[in-house]
Amino acid sequence: MHDLSYFRGNLDVIKDRLATRGFELDVDSLRAQDIERRAAMTEAEQLQASRNAASMEIATAKKAGQDTGEKQAQMRQLGEKIAELQKRAAEMDEQFRLELAGIPNLPHESVPVGKSADDNVEIHKFGTPREFDFPPQPHWDLGVDLGLLDFERAAKVTGARFVVYIGIGARLERALINFMLDVHTREHGYTEVLPPFLVNSASLYGTGQLPKFAEDLFKCQGTDFWLAPTAEVPVTNLLRDETLNADDLPISLCAYTPCFRSEAGSHGRDVRGIIRQHQFQKVELVKFTRAEQSHDELEKLTSHAEDILKRLELPFRRMLLCTRDMGFSSAKTYDLEVWLPGQSAYKEISSCSTFEGFQARRASIRVKAGKGKAESAHTLNGSGLAVGRTWVAIVENYQQKDGSVLVPKALQPYLNAEVITKQGKLG
């Protein structure tokens, strides 16, 4: 949510900045609404002043024994008119806020202006993609051949875009979760939380998924419960409607959760394998900061996600997203893209963003320093990492000519294995 007073006072500037995101702000309509709202408020205030003065006159007349019945009747009518004007102003104020809820965040000045992902800027690369002396297989073939993945039985149980991990394939997923959580809590300073996997509408509104992106979510019929699309939602909302002590910031939390998404806007994209599933696992990093800490903490959070990739010795690059490729709530976003040799492409494995005060205003998360005025906190989050995509990256990058897969050294103590070989399939 935008700051209401700043938004109303800077419509033309905001329109220009939102245009870089491909969003057309109807300034004339918003300005007309605001003029009408202000007119109603001004008239109500003027009538109230007249009513107050008349009330004093009536009181004086009563003491003098004069008949004030007609005057009192006029004041009752005036009170009804004032209430009507106040109600109208409140309705227009609420309408303005509803429209504001559907307007994306303003891009930070350091974000490059662009029209698509082609205009994203590469910040740096880590590692060199391996040169194979055999054609590397994509994970959807290799995983099935090794008996690690079963797409057909998952489709039978649920439907398309689900998978069953089997044996050491399932253990690899679990090992990655534990490895990521251990590194982030023991070395990067995050506190682990295990939040509910179901969230309510207020939580989804707080982080910006509702009302605009309801079609991307799964709702439990007959309830106000939704399946969490990412741990960002429950973890950020842990501090909803709270005022934080500035001296306690930044607060850094991490969480493992399954994530559920309808992928409504991804028809035809990554339909094979487990890159884009309706259900997947993720370790999420969430920070609450003061405004002046926000962008420094984004750099730290992004480096923490990168550290996981470095320890697993997976080639990746950091991309700064352009204005039209950022998410709705983001002010600035870095994507980490890992190299997948089976697909000869870099694929997103983490998205790290600062939302500045956008989410905090929606979720009423404030910060107060001493006796100063409470202000909106800044919130950040990033995947640390998407577990399924990390699974894919390991299987594709560490595959061997004989069809086996080597286990990265950092992960061997968690998996208690150095190599993954073919295993028996179910049934």
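The values are calculated or read from the model by the stated rules, or taken from the named source; none is laboratory data. Because the structure is predicted, anything quoted here is derived from the model rather than measured. Quick reminder, even Gly has a Cβ in these numbers, built from the backbone with ideal geometry, and neighbours come from all protein chains shown. All accessible areas refer to the heavy atoms of the entire protein, side chains included, with ligands and DNA or RNA removed. Shrake-Rupley method; radii C 1.70, N 1.55, O 1.52, S 1.80 Å.
For residue 256, the solvent-accessible surface with a 1.4 Å probe is about 60 Å², rounded to the nearest 10.
Shape verdict for the stretch 110-213, please, from the Cα gyration tensor: rounded (a/c under 1.5), prolate (a/b greater than b/c) or oblate. It is rounded, given that a/c, with a ≥ b ≥ c, falls under 1.5. Annotation: lysines with alpha-carbon distance below 27 angstrom to residue 371 (same-chain offsets under eight excluded): 287.
The Cα atoms of the stretch 220-352 define a convex hull whose projected area, averaged across directions, is 10.3 nm². Relative to the dominant Cα principal axis of the chain, helix 27-63 is inclined by about 40°. Using heavy atoms of the protein chains and a probe of 1.4 Å, the accessible area assigned to residue 184 is about 0 Å². Straight-line cross-link partners of residue 63 among the lysines, defined as a Cα under 18 Å from its Cα and at least 8 positions apart when in the same chain: 71. By the compact-protein rule of thumb, 2.2 N^0.38 Å, the alpha-carbon radius of gyration of the stretch 1-60 corresponds to a ratio of 1.78. Label the stretch 286-357 by shape, choosing from rounded, prolate and oblate, from the square roots a ≥ b ≥ c of the eigenvalues of the Cα gyration tensor; if a/c is under 1.5 it is rounded, and otherwise prolate applies when a/b is larger than b/c, oblate when it is not. It is oblate, given that a/c is not under 1.5 and a/b is not larger than b/c. Summing Cβ point charges (Lys, Arg +1; Asp, Glu -1) relative to the Cα centre of the stretch 212-316 gives a dipole of roughly 560 debye.
Would you please name the trypsin sites (Lys or Arg not before Pro) within the stretch 299-394 that are DSSP coil residues with at most 11 other C-beta atoms within 10 Å of their C-beta? Within the stretch 299-394, the qualifying trypsin sites (Lys or Arg not before Pro) (loop, at most 11 other Cβ atoms within 10 Å) are 371, 373. Using the Cβ-Cβ distance between residue 292 and residue 242 with R0 set to 22 Å, the FRET efficiency works out to roughly 0.65. Report summary: the helix-based calculation at 222 nm, which adds -39500 (n - 2.57) for every DSSP H run with n ≥ 4 and divides by the residues of the chain, gives -12500 deg cm²/dmol.
Between the listed residues 387, 358, 405, the Cα displaced farthest toward the positive end of the dipole of the stretch 344-427, a dipole computed from Cβ unit charges relative to the Cα centre, is found at 358.
Taking all protein chains as shown and a probe of 1.4 angstrom, residue 132 keeps an accessible surface of around 50 Å². Note: relative contact order over the stretch 199-308, using C-alpha pairs below 8 Å and six or more positions apart, is 26 percent.
Just round it to a whole percent: the fraction of Cα-Cα distances in the chain exceeding 29 Å. Summing the P(r) tail past 29 Å for the chain gives 55 percent. Sequence-distant contacts, meaning Cα pairs under 8 Å at least 6 residues apart, place the relative contact order of the stretch 243-332 at 28 percent.
The angle between the Cα long axis of helix 387-397 and the main principal axis of the chain comes to about 30°, on a 0 to 90 degree scale. Each Lys and Arg Cβ is given +1 and each Asp and Glu Cβ -1; about its Cα centre, the chain then shows a dipole of about 640 debye.
For the chain, the longest principal axis of the C-alpha atoms and the axis of helix 69-101 are separated by about 20°. Short-range pairs are left out: with C-alpha atoms under 8 Å and at least six residues apart, the relative contact order of the stretch 361-427 is 17 percent.
Here the label points at residue 11 and residue 223, each 7 Å from Cα along the C-beta direction, are separated by 4.3 nm in the simple model. Using a cut-off of 25 Å between Cα atoms, the listed pairs 87/368; 347/401; 156/425; 212/368; 212/282; 81/373 include 87/368; 212/368; 81/373 as exceeding that distance. Please report the spacing between the Cα centers of the stretch 374-427 and the stretch 62-84 in Å, no decimals. Cα centres, the stretch 374-427 to the stretch 62-84: 77 Å.
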